[in-house]
1. Residue under question is residue 92, and the condition is that it be in contact with a strand residue (DSSP E or B) (Cβ under 8 Å, 6 or more places away or on another chain) and either crowded, with 18+ Cβ neighbours inside 10 Å or over 24 Å from residue 220 (Cβ atoms) (or both); does it hold?
2. Hey, among 439, 432, which residue is in a strand (DSSP E or B) and under 18 Å from residue 531 (Cβ atoms)?
3. Of all the residues that make up the range 466-489, how many are over 18 Å from residue 427 (Cα atoms), assigned to a helix (DSSP H, G or I) and under 23 Å from the mean Cα position of the chain (by Cα)?
4. Kindly provide the set of residues from the range 355-379 that are surrounded by 13 or more Cβ atoms within 10 Å (Cβ to Cβ), touching a strand residue (DSSP E or B) at 6+ places or on another chain (Cβ under 6 Å) and not in a strand (DSSP E or B), ordered by number.
5. Name the single residue, out of those in the range 462-490 being out of contact with any helix residue (DSSP H, G or I) (no Cβ under 8 Å at 6 or more places or on another chain) and away from the ligand (no atom under 16 Å from the Cβ), that is modelled with the highest pLDDT.
6. Exactly one of (1) away from the ligand (no atom under 16 Å from the Cβ); (2) part of a loop (DSSP other than H, G, I, E, B) is unmet by residue 447. Its number?
7. Restricting to the range 551-569, give me the number of residues that are in contact with a helix residue (DSSP H, G or I) (Cβ under 6 Å, 6 or more places away or on another chain) and within 11 Å of the ligand (Cβ to nearest atom).
8. Within the range 597-617, is even one residue assigned to a loop (DSSP other than H, G, I, E, B) and under 29 Å from residue 179 (Cβ atoms)?
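The values are calculated or read from the model by the stated rules, or taken from the named source; none is laboratory data. The model shown is predicted, which means the values in this text are computed figures rather than measured ones. Here the Cβ positions follow ideal geometry from the backbone for every residue, glycine too, while neighbour counts run over all protein chains shown.
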Ligand code: NFS
């Protein structure tokens, strides 16, 4: 029986999304929101209680003590299902990292049209970390060596992946003792699949130990490589002004939406769109030019480096096409809904697939090849421009918000101390003093099963009020951007006074946008640097910090959550749990869920929990932060200690007559 249909306000808290969903209803077009209404999720599969790994099943274990045909117990089945998801997520991130490494190699050898090495400084720093000689060498030579080293990580069979040395020393030692240091990125993913083939690894804890190793191959391997190379080729992000939401689409321009994940093509489309030849071509077609906008993590990549606006997050991909104003939606890999093609048939929009790995029936395929990157980018833009004349009625919501993204860990380090005294000291000190209670990474997807953006913003706002500094990536960052939380002035009135004062002093928004989902590795680096700075313990699990993915939906999110736990973080997911079991109906069906929390906490100091209620998520996050503060012997968090923020006080003083103001400031009037 279909669930009850929800109202636009129940679908999304974003007014632009609501407007487009009303429009979709008016013209009779379905979206992920309505499809979610019509598709009741399977409660057995959803709880991790269904095994379909072989042809004797699928086996659905819904009674006490029941096993699969082969005798597999529920905890084994849940662990196998979970590791397969983690392997898929790790594979997606890491394959992205591999492509980036190949691009670096091609650029180093002059085989990639249109690219240059933009951040030579980062290239030298990263290469030097691995002992690659840098002095007196051309950037291309260094890049060639680094590309070779990075490419080798994927197929490496033995030993340890190289980037693991970037974790805190104590953590590395723990991983070695536990035998979870990845040997090679591909090897761990393949082994996860092998172990879960019928008749292999059947001890849930042993399976989950390998889940950790697989996820570490992502976080401290494939994803870290993706971030490094993107920065080296396209520039390490630093704050700039951007905009977000569907209102960034323009009526009088050719709108090209780039959607997916890898920055290689989207960066080239940005470059191509600014060439006189393309601008002229667009003008000849009657448009003012080409307006680019991003969706999902591609949006984050070009937003934080080039200031290209974000049209929205995951659940807005269909809504962008519904505006009728998108000439082309150019997609590469990951998070692309198949529904886009059918939806686009109602409009003039061309859905263009570009990756050799991704085709969608009915889409136009223009395959990307880095050797001819600029030429292909121009070709794609010409297809979009030619389509401008076919545009029909449009409906662009007049909703957009400004934001300041671009907080790479390099920039955070710089902003805290300047060029010569770059340091995490001020951040650590603010935490030690209790001005900042702790740090929360609020990341991950949207999910049409919950109200779009609601859970993200609910937990973000509450933690800010509680003086928790928030860092964000992925679709969660775009959710906060749309609400104005990524702007200093607009966001600060919503945050606790201690945190507010720190933000005012440094001149930052209370929510730091750190990039795309592969850039969660930047958060790992920040946590490591906080450890190395001193004062907050000697490993990541001692820092008063939490990781939250309130609206998760993708397997990549599970991989991220797992590597963060293995790195020592307390991670909570909202929404549904893939290992929930049905503890009220089937005895011990939550053994795996308990192990991910209590079991992993004993081993890694971090734990993974699925918490549907956002208030409970907030409560547990704050309790954890306070518990970690106490364990470090830090001052108890007391918000009233810091009184009003400095800027706030100055603003009030400005209202006073001069003598009284001087009295308040200096104790007596200045003569
Ligand atoms: Ni992350 Fe980025 Fe968004 Fe989720 Fe998808 S875009 S890689 S998976 S939906 S946050």
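1. For residue 92, the condition - in contact with a strand residue (DSSP E or B) (Cβ under 8 Å, 6 or more places away or on another chain) and either crowded, with 18+ Cβ neighbours inside 10 Å or over 24 Å from residue 220 (Cβ atoms) (or both) - is not met.
2. 439
3. Count: 10.
4. 360, 363, 366
5. Applying the filter and picking the extreme gives 465.
6. Status for residue 447: all satisfied but (1).
7. Going through the range 551-569 one residue at a time, the tally reaches 6.
8. Within the range 597-617 (the criterion being assigned to a loop (DSSP other than H, G, I, E, B) and under 29 Å from residue 179 (Cβ atoms)), the answer is yes, since at least one residue qualifies.
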